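K.L.:
Shown below is the structure under consideration.
Each value in this text was obtained by applying a stated rule to the coordinates, not by laboratory testing. Nothing here was measured: the structure is a model prediction, and the numbers come from that model. Heads up, the Cβs are rebuilt from the backbone with ideal geometry, glycines too, and the neighbour counts pull from every protein chain shown.
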Amino acid sequence: MVAPTQTGSDLEAQISARCHGISKSEHVCAEVVRVSVPASAVDAVPGLLRANSIPGMQAEMLLLDSQVEPNLLEAIMPMCEVIYFDSSRFERRLDLVTQLAGGKWQLVDTQWLALGAWRDQVRAIYDKPAFNELLANLGEIEIAAQVEGAGDIVPASALLMAGWLIDRLNIKPVAYKAGVFDCRLQVKAPVSVRLRTMESSSPSRLSALSMLGRKGSGMSVYFERNDKLITTVELGGEKFKFSKALEDDSMPASLKHYFTIGESTLNYRRSLAQALQLTALMKRGS
């Protein structure tokens, strides 16, 4: 564990052991080394970590502290093959997210893992031949998310979903005004992407997604978080509804799912890049 500190001038290390029983006579124990790092000793961190790394094992980092200084992150990241983090913790530190996105290491974002069920449902719609015309007739995408407490932050889950849809549907954002991105499909048809937030006492998360056909198309798809993920499709005056179970999407649960079952991160970097471009467009348009 590497922990920044505002006191002292030297590195300090604390060593402990954590054990848990796997049977009456067997225990699994891990040595825990906590290194307190003052700002003046950041340059010593890479050498210390290399000296204590296990040869032949890939180096992985679990990033938890949204207040970490960029220079400490810059010192550690080049040593890592994989970096695990929760982008919802860094919604006010997009500079750090941009920094994370700048290297060749694999990024495992638990917000992306938690959105797996939503992506599965969207893909399921486009896998059905009857809904193929929805893309050509797409006129508006609305992404709604709840935000813990007051503020003007757009949740990471909403930005990642928008980034993924923009990347996968080959949509190009061209302008932003009052919560709406003006976009163009590959066929030059206009599409609006709207991000809507609602104040909540619960943790920030995606709450609904709408994909609406242009006027007169008679096509629309709605995804809504309830106790399940409910999908409603309206096509030619008919309505179809189906659901998918939602699992615990906390950071520990998402990581457990990733290590035991797996979740693709194939399109994550492209989606993240689009999400960061959206935030830049929002700044220019505000």
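K.L.:
Pulled fully out, how much extra length does the chain show between residue 242 and residue 124, if you take 0.36 nm times their separation in residues and subtract their Cα-Cα distance?
P.N.:
41.4 nm
K.L.:
Here's another thing I want to ask about it. Let me know the whole percent of all Cα-Cα pairs from the stretch 2-109 that are separated by more than 19 Å.
P.N.:
Distances greater than 19 Å cover 53 percent of the Cα pairs.
K.L.:
Further question on the same structure: Counting only pairs 8 or more places apart or on different chains, how many lysine pairs in the stretch 113-285 have C-alpha atoms closer than 20 Å?
P.N.:
Eligible lysine pairs with Cα atoms under 20 Å apart amount to 13.
K.L.:
Gain in length, residue 104 to residue 184, computed as 0.36 nm per residue apart minus the alpha-carbon separation, to one decimal in nm?
P.N.:
Result: 25.8 nm gained on full extension.
K.L.:
While we're on this one: What FRET efficiency would be calculated for the residue pair residue 59, residue 92, taking the C-beta separation as r and a Förster radius of 35 Å, to the nearest 0.05?
P.N.:
Using R0 = 35 Å, I get an efficiency of 0.80.
K.L.:
For Cα pairs less than 8 Å apart in space and 6+ apart in sequence, what is the mean separation divided by the residue count of the chain, i.e. the relative contact order in percent?
P.N.:
Relative contact order for the chain comes out at 15 percent.
K.L.:
Related question: With springs only between Cα atoms under 10 Å, which of 157, 210, 201 fluctuates most in a Gaussian network model of the chain?
P.N.:
Maximum fluctuation in the GNM of the chain, among the listed residues, is at 201.
K.L.:
Then there's this: What's the angle, to the nearest 10 degrees (0 to 90), between helix 156-168's Cα axis and the longest principal axis of the chain?
P.N.:
Once rounded, the angle reads 60 degrees.
K.L.:
Further question on the same structure: Among 215-227, 38-50, what's the highest-first ranking by average C-beta atoms within 10 angstrom per residue?
P.N.:
Peptide ranking by packing, descending: 215-227, 38-50.
K.L.:
What do you get for the angle between helix 268-285 and the principal long axis of the chain? Use alpha-carbon atoms, 0 to 90 degrees, nearest ten.
P.N.:
70
K.L.:
Can you tell me the length gained on complete extension of the stretch residue 194 to residue 267, counting 0.36 nm per residue apart and subtracting the Cα distance?
P.N.:
Between residue 194 and residue 267, full extension yields 24.1 nm more.
K.L.:
Using the crude model of +1 on Lys and Arg Cβ and -1 on Asp and Glu Cβ, and no other charge, please compute the dipole size for the chain relative to its Cα centre, in debye to 20.
P.N.:
1100
K.L.:
On C-alpha positions alone, give me the angle between the axis of helix 251-260 and the longest principal axis of the chain, in degrees, nearest 10.
P.N.:
With rounding to tens, the tilt is 90 degrees.
K.L.:
Then there's this: In the chain, what percentage of the DSSP-assigned beta bridges are antiparallel, given to the nearest 5?
P.N.:
70
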